[in-house]
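In what follows, a structure is listed as structure tokens, so that the remarks can point back to it.
The values are calculated or read from the model by the stated rules, or taken from the named source; none is laboratory data. It should be emphasised that the depicted structure is a prediction, and the values quoted were computed from it without experimental measurement. Heads up, the Cβs are rebuilt from the backbone with ideal geometry, glycines too, and the neighbour counts pull from every protein chain shown.
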Amino acid sequence: MEDLRDVESINLYSELCKTMSHSDAFHKILAGTRDHARTPMQWSDEKYAGFSTTQPWINTDGDCEICNAAAQSAEEDSVWNFYRTLLALRKKSPAFPYGTFQAVNKEEKNLFTYYRTHKNTTFYIECHLSKGPKQRTGDLPQGKRLLSNYPESAETEFRPYEANVWLME
């Protein structure tokens with residue numbers, strides 16, 4: 001608790017401790033504190049994660065040795081480079097900012113799929129929003145897979161948190 005800075009969480013912890021153990025109250029606070037989003041950007045594996053040369057007002061989560069912007073930018077299959085590629089694709093094609101949107105599979109749980117179309121260009125986007133695999137209900141899209149967070153397509157199922165961008169033919 002001494003590492004938290006969120007006044008709302010600190011006050012709620014005090015209230016919860018009146019009706020439950022300190023450990024249970026702390027775990028409940030961790031699930032909702034705003035401090036998770038307030039930690040300094042981990043730029044490198046240097047002291048204070050490269051964010052500052054002095055102690056920041058709030059600590060990082062301590063994994064800057066393995067998870068930092070410098071390491072991510074150097075790793076080909078990193079989240080950093082996935083988003084760089086995704087943003088470049090968005091800038092390159094008017095279908096993403098200006099195209100029509102058509103949702104697909106609206107009733108499928110944990111699956112967000114849609115088309116973006118502009119003039120003669122159509123993209124099909126698949127986002128599987130679950131930590132477990134999910135069976136495909138049909139064939140792979142008839143197009144070219146331009147971007148994915150997995151190296152190859154799985155013909156029969158979506159993998160955990162799989163996202164694909166297809167250029168339709």
Residues located in segment 1-39, provided they are outside any helix (DSSP H, G or I) and either aliphatic (A, V, I, L, M) or exposed (fewer than 11 other Cβ atoms within 10 Å of the Cβ) (or both): Met1, Glu2, Asp3, Leu4, Lys18, Thr19, Met20, Ser21, Ala31
One residue is enough: does segment 97-105 have a residue meeting the conditions in contact (Cβ under 8 Å) with a residue 60 or more places away in the chain and either surrounded by 13 or more Cβ atoms within 10 Å (Cβ to Cβ) or closer than 19 Å to Val79 by Cβ (or both)? no
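Hey, among Thr53, Thr100, Thr85, which residue is closer than 16 Å to Asn164 by Cα and either hydroxyl-bearing (Ser, Thr, Tyr) or modelled with pLDDT under 95 (or both)?
Numbers: Thr53 fails: closer than 16 Å to Asn164 by Cα; Thr100 fails: closer than 16 Å to Asn164 by Cα.
Every option except Thr85 fails the conditions.
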Out of all the residues in segment 122-139, which are within 24 Å of the chain's Cα centre (by Cα), surrounded by 11 or more Cβ atoms within 10 Å (Cβ to Cβ) and farther than 13 Å from Leu111 by Cβ? Phe123
